[in-house]
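The values are calculated or read from the model by the stated rules, or taken from the named source; none is laboratory data. In this text the structure is predicted, and so the values were computed from the model without any measurement. For neighbour counting, all protein chains shown are included, and Cβ atoms are generated from backbone atoms with ideal geometry for every residue, glycine included.
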Amino acid sequence: MIIKPETIELRFPYLLVEEFTIQSDSYVTQNTLEDKPFFGKVINLAPSVDVCLHDIVMFGQHSTTRVEINGKNLFLLRMEDIIGTVNK
């Protein structure tokens with residue numbers, strides 16, 4: 001069965017995010033961080049969250065749940081796990 005991640009109905013304040021690559025010189029972090037931030041593009045979200053579809057969000061590596069849907073590695077995030085959004 002083929003499942004489209006965009007059609008999954010999220011009933012809790014969660015986001016479904018696919019990994020996004022961003023240039024390292026376009027954000028500032030401390031070099032001492034052990035948990036480097038990940039970036040992801042929001043592809044599905046619950047109705048009660050404060051971000052929009054296709055926003056680029058930054059989150060910690062260990063604050064997510066990885067899921068695989070149709071061979072795509074995706075992240076399941078809570079709103080509290082988002083460090084920030086990236087301006088386009």
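Numbers below:
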quantity: Check on GLY40, modelled with pLDDT of 85 or more, of a type in the set (Gly, Ala, Ser) and surrounded by 15 or more Cβ atoms within 10 Å (Cβ to Cβ); calculated: yes
quantity: Residue that is nearest to the chain's Cα centre (by Cα), among those in the stretch 46-73 that are exposed (fewer than 13 other Cβ atoms within 10 Å of the Cβ), over 12 Å from GLU18 (Cβ atoms) and in contact (Cβ under 8 Å) with a residue 24 or more places away in the chain; calculated: GLN61
quantity: Output for the stretch 55-82, where each listed residue is outside any strand (DSSP E or B) and either under 14 Å from PHE38 (Cβ atoms) or of a type in the set (D, E, K, R) (or both); calculated: ASP55, GLY60, GLN61, HIS62, SER63, THR64, GLU80, ASP81
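Every residue, every condition in (1) touching a Lys or Arg at 6+ places or on another chain (Cβ under 8 Å); (2) under 19 Å from PRO5 (Cβ atoms); (3) at pLDDT below 85; (4) of a type outside the set (A, V, I, L, M, F, W, C), yes or no:
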| site | (1), (2), (3), (4) |
| --- | --- |
| ASN44 | no, yes, no, yes |
| PRO47 | no, yes, yes, yes |
| ASP55 | yes, yes, no, yes |
| GLY60 | no, no, yes, yes |
| PHE75 | yes, yes, no, no |
| GLY84 | no, no, no, yes |
| ASN87 | no, no, yes, yes |
